[in-house]
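A short write-up of the structure that comes next.
No lab work stands behind these numbers, since they all come straight from the coordinates. Just so you know, these numbers come straight off a predicted model, no measurement behind them. A quick note on method: Cβ atoms are made from the backbone with ideal geometry, for glycine too, and the neighbour counts reach across all protein chains shown.
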Amino acid sequence: MKHLIAPSMLSADFANLEKDIQMINKSDADWLHLDIMDGLFVPNISFGFPVVSHIKKHAQKPLDVHLMIVDPDRYIQQFRKAGADILTVHYEACTHLHRTLQAIRQEGMQTGVSLNPHTPVALLHDVITEIDVVLLMSVNPGFGGQRFIENTYSKIRELKQLITEKQAKTLIEIDGGVDASNAQKLIEMGANALVAGSFVFKSDEPSRTISQLKNLDF
């Protein structure tokens, strides 16, 4: 399977959001990545249900919704109603992760778990077969435009070994600092999906940049 590209809407132009969504619809992107931040789990606030719902109305591709919030269980049904196709929660925010994953799946969404840079991959050993997507944070969550953390490569390798060992079908997604300097290596190490925000939306031709990420043609 060819790797997936998920432009992060956090870096889009919110004064012209529909225009950017239509650009993604016509591009080689596979998902739209939506970062939901509450100002508690991470030191930033982004957007909530109304914006997700409006994006869903115009998007022709799945919504990859990344919850950087405390107690995400409270909002699982609401994010499904808003249009989430993949719902990713943070390991660090879930007291009963297995139960949270079951609740997400019961709502008809794909399950995702995100790990902060300091969180070991081994902690997913007992639930990896319940996870559709593991999102490895390659920056500290909360703000776009940060420098990529090099230790991410070894975490991909460890995660790939765990997935193989458990015969899981889990995809590995990378979020943070993804650009032309590391995309090729991330895929070679075993990543299946790349999130890119600033690199896409700050480029002169975002659609072309998405195509370059998809085809690793830099």
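Taking each DSSP H run with n ≥ 4 as -39500 (n - 2.57) and averaging over every residue of the chain yields -9500 deg cm²/dmol at 222 nm.
Taking the range 183-218, which trypsin sites (Lys or Arg not before Pro) meet the DSSP loop condition and have no more than 15 other C-beta atoms within 10 Å? Before the final figure, lay out each step's value.
Working: sites: Lys185, Lys202, Arg208, Lys214; in loops: Lys202.
Taking the range 183-218 and a limit of 15 other Cβ atoms within 10 Å, the loop trypsin sites (Lys or Arg not before Pro) found are Lys202.
Just check the range 1-41 against the gyration tensor rule for me: Cα atoms, a ≥ b ≥ c as the square roots of the eigenvalues, rounded for a/c under 1.5, and otherwise prolate or oblate depending on whether a/b exceeds b/c. List each step's numbers first, then the result.
On the way: a/c = 4.09, a/b = 1.28, b/c = 3.19.
In terms of gyration-tensor shape, oblate.
Compute the length gained on full extension between Asp217 and Arg74: take 0.36 nm times their separation in residues and subtract their Cα-Cα distance, giving the result in nm to one decimal.
On the way: separation 143, 0.36 × 143 = 51.48 nm, distance 4.19 nm.
Result: 47.3 nm gained on full extension.
Of all aspartates and glutamates in the structure, the ones whose alpha carbon falls short of 13 Å from that of Lys160, not counting any fewer than 8 places away in one chain, are Glu173, Glu188. With the cut-off at under 19 Å, measuring from each backbone N in the range 66-95 to a point 7 Å along the Cα-to-Cβ line of Phe49 picks out 66-89. For the chain, averaging the sequence separation of C-alpha pairs within contact (under 8 Å, six or more residues apart) and dividing by the residue count gives a relative contact order of 21 percent. Name the residue farthest towards the positive end of the dipole of the range 4-215 from the options Gln102, Phe47, Val139, assuming +1 on Cβ of Lys and Arg, -1 on Cβ of Asp and Glu, about the Cα centre. About the Cα centre, the residue reaching furthest to the positive side is Gln102. Please name which of Val178, Met189, Phe148 has its Cα lying farthest along the dipole of the range 131-201 towards the positive end, using unit charges on Cβ (Lys, Arg +1; Asp, Glu -1) and the Cα centre as origin. Positive-most Cα among the choices belongs to Met189.
If R0 equals 30 Å, the separation of the Cβ atoms of Arg105 and Lys57 corresponds to a calculated FRET efficiency of about 0.75. Between Glu18, Glu150, Glu107, the residue with the greatest mean-square fluctuation in the GNM of the chain (Cα pairs under 10 Å linked by springs) is Glu150. Computed about the Cα centre, the dipole magnitude for the chain is approximately 320 debye when only Lys and Arg (+1) and Asp and Glu (-1) carry charge, each at its Cβ. Here the mean projected area of the convex hull built on the C-alpha positions of the range 15-69 is 3.9 nm². Taking the three principal axes of the alpha carbon atoms in the chain, the coordinate ranges are 43, 37, 31 Å, sorted in descending order.
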